[in-house]
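**Q** The following block contains the structure, expressed as structure tokens.
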Amino acid sequence: MVDVTNHTLVPEHSVLDESTIETVLDEYDIDRTDLPKIKRTDPALPDDAEIGDVIEIVRDSRTTDQAVVYRLVVD
């Protein structure tokens, strides 16, 4: 089976710790449930991602070099 996390077109996904999550939520003045969702079965997620975790995704961007987005892991 192919490991999609090593593919060049899959951006970096990482699980955030609680203090970083609070900083992000405060910065955007939102609740955790207001974040866009990503399913736990998504093959790009890190193996240690669990339901309720917040994932940081760093994508290449033509306008800002890198774009950072956040997703809430759901069932």
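Nothing in this text is a laboratory measurement; each read-out follows from the coordinates by a stated rule. On a predicted model such as this, the values are computed, not experimentally measured, just so you know. We place every Cβ from the backbone using ideal geometry, glycine too, and count neighbours over all the protein chains shown.
**Q** For P(r) over Cα pairs in 5 Å bins from 0, in percent, pick the label among (1) 3, 15, 25, 24, 18, 10, 3, 1, 0; (2) 3, 16, 31, 31, 14, 4, 1; (3) 3, 15, 26, 21, 14, 9, 6, 3, 2, 1, 0 that corresponds to the value derived from the coordinates.
**A** Checked against the structure: label (1).
**Q** Which of the peptides 6-15, 58-67 is most tightly packed, and how do the rest follow, going by the mean number of other Cβ atoms within 10 Å of each residue?
**A** Numbers: 6-15: 12.0, 58-67: 9.6.
Output ranking for 6-15, 58-67: 6-15, 58-67.
**Q** I want the antiparallel fraction of DSSP beta bridges within the chain, as a percent rounded to 5. Display every interim value, and only then the final one.
**A** On the way: 12 of 15 bridges.
Within the chain, antiparallel bridges account for around 80 percent of the total.
**Q** Could you list the residues of the stretch 56-75 with an amide nitrogen less than 12 Å from a label point located 7 Å from the Cα of Asp3 in the Cα-to-C-beta direction?
**A** none
**Q** Per DSSP H run of n ≥ 4, the term is -39500 (n - 2.57); total these for the chain, divide by its residue number, and report the mean residue ellipticity at 222 nm rounded to 500 deg cm²/dmol.
**A** Helices in the chain give a 222 nm mean residue ellipticity of -4500 deg cm²/dmol.
**Q** While we're looking at this one, here's another question. Please state the charge dipole magnitude for the chain, taken about the Cα centre, from unit charges on C-beta atoms (+1 on K and R, -1 on D and E), reported in debye and rounded to the nearest 20.
**A** Working: 7 positive and 19 negative charges, 97 e Å.
Around 460 debye, computed over the chain.
**Q** Fewest to most neighbouring Cβ within 10 Å: what's the order for Tyr28, Tyr70?
**A** Tyr28, Tyr70
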